[in-house]
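The values are calculated or read from the model by the stated rules, or taken from the named source; none is laboratory data. Fair warning: this is a prediction, and the values are worked out from it, not measured in the lab. Every residue, glycine as well, gets a Cβ built from its backbone with ideal geometry; the counts of neighbours run over all protein chains shown.
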Amino acid sequence: MTVSRRQKTQHRDTNTLIPDGASGPRESAEPPHGVPASRILAGLTAIGALLRLYNLGGNSLWLDEASTLTFARQSLIGIWETTAGGEFNPPLFYWLEHGMLVFGESEFVLRLLPALLGILTIPAVYLVGKEFRDRNVGLIAAALLAFSPFHIFYSQEARAYAPMLFFFSLALLFYVRAGKANETRSWVLFGLFSAAAFWMHFYAVVPVAVLILHALATRAGSIREARNPVLALAAFTAATLPLLIVTVNLFLARTSSAPTFGVQGLDVVYWTLLEISGHSIGVLVPFLLLFLAGVACTWREDRDGALLLVFMMLLPLAASLLLSSRMPMIPRYLIYLLPVYFIGIASAYPALRALVRERWAVAIFIAAAVLVAVPFLSTYYTIPQKNDWRGFSAELGGMTGEGDLVVVLPSYMTQPLDYYYSNATDGTLEIGATTEEDLAAIRARYPGRRAFYVATADIFAADPSGNAADWLEENTRAVGQHMGIYLFAST
């Protein structure tokens, strides 16, 4: 991705886009209906903000969000000690959430930081697209992100996925800038923002490694050109050194046995592409075709840029496929694919210019981004999207009485349950259990005591043998189900 000094100057200084037929650099193509790009971006960001802040506290906390609260309640040192002791998530997000707790512990407060950083990612992706090609690519990519069901969902979740994507988008921005100008400042900022993304989520190391590989591959013939990518890697290493040491031990622990949850093999590729395409096979196919068209359009003008799109989509998916046999793999871990995927799709817009005027080509892409989100948005704010522990806890409280046992399976499910349910108020005795032996021991300790058993499908991850589930089937009767939460009573 190299350009001449004259092209760099044109790219920096152009502020408005030129109508069809006028002379000027490609960066100056006119946005839809001659509206300034800044106004369109402001509108997309405002709509994106509404979609991410509306009903932010509507869904119940689910297990992982309740775990966020558990960790955030610790001291700053305690959070780091938890990570060093085996927590498979870096501490930065928990540190930030620790600070947010001064505003309370409501669902809204816990999700506010991811929502705000999710909103800020929209203009960040615009800047990446503009640097990568032109303002139109930036606008289309920003629109795709603003209405992305995948991004909206994780911007409304009290986990580190949307925050990690924000910092990685900034890292990608400075990587693209560094690729054009080879400025030391941009390389260092790329390294530092990559480090911030890694402090948010361990899996950010994969795209960062791919970018370093791309930088070295496209500069293989020049030792002088390769020095700055090495400098970026040094900045990343220096900023993450304590975490890198911890990561090695955690990786060895994580891969020491076969995963008991997540997706494996080619399903990793399929489900990741499906989810980042809006959870629709009808969208996935045209999106993939547009991405390939975008790579082809980019190849004609910028072979290094086309190679970046290919590297950033294929290599993380291939790495995830290979790792899935040794560690849990879930599509949300690959949320960092969104800006590259959308920029690749947006880069196909010049192909549409053969059929319609350029301004309409961009408008059509933005309209398509809206239409893709309509089926998702039509039910997203009215139907619970996570296990409804709030509603379940109310029902449980109506069934239990003084002295009853409430047995929770697996035992860590007490975290979301206890956010809404108080056994002290209800007069019950709450006990966690995971295995068949745990269940048998509880019954032996409290013979004749009426017991209610709260279970989710996680019991199969915590007890892959299935013995605990078999014990429930033989010794209890089903009395209720609330989404993915099951309630059994002793017989």
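Listed values, structure above:
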| item | result |
| --- | --- |
| Failed item in (1) over 26 Å from P91 (Cα atoms); (2) outside any helix (DSSP H, G or I), with K180 passing the rest | (2) |
| Residue within region 359-382 that is crowded, with 21+ Cβ neighbours inside 10 Å and in a strand (DSSP E or B) present | no |
| Test: residue in region 346-356 that is in a helix (DSSP H, G or I) and β-branched (V, I, T) | no |
| Filter result (of a type outside the set (A, V, I, L, M) and farther than 12 Å from T68 by Cα) within region 102-113 | F103, G104, S106, F108 |
| Counted residues, region 314-347 - those being small (G, A, S) and over 20 Å from I122 (Cβ atoms) | 5 |
| Cross-chain or 6+ apart pairs with Cβ under 7 Å, region 141-165 first and farther than 20 Å from F190 by Cα, then β-branched (V, I, T) and not in a helix (DSSP H, G or I) | Y154/I335 |
| Candidates Y419, Y453, Y412, filtered to the one that is assigned to a strand (DSSP E or B) and not β-branched (V, I, T) | Y453 |
| Residue count for region 45-61, restricted to those that are crowded, with 16+ Cβ neighbours inside 10 Å, in contact with a helix residue (DSSP H, G or I) (Cβ under 6 Å, 6 or more places away or on another chain) and either charged (D, E, K, R) or part of a loop (DSSP other than H, G, I, E, B) (or both) | 4 |
| Selection status of A226, touching a Lys or Arg at 6+ places or on another chain (Cβ under 6 Å), at pLDDT below 95 and part of a helix (DSSP H, G or I) | yes |
| Cross-chain or 6+ apart pairs with Cβ under 7 Å, region 338-353 first and under 17 Å from K130 (Cβ atoms), then at pLDDT 95 or above and in a loop (DSSP other than H, G, I, E, B) | L338/S148 |
| Exclusive hit being in a loop (DSSP other than H, G, I, E, B) and of a type outside the set (G, A, S), set E395, E402 | E402 |
| Residues being within 22 Å of the chain's Cα centre (by Cα), in contact (Cβ under 8 Å) with a residue 40 or more places away in the chain and in a helix (DSSP H, G or I) - total across region 183-207 | 16 |
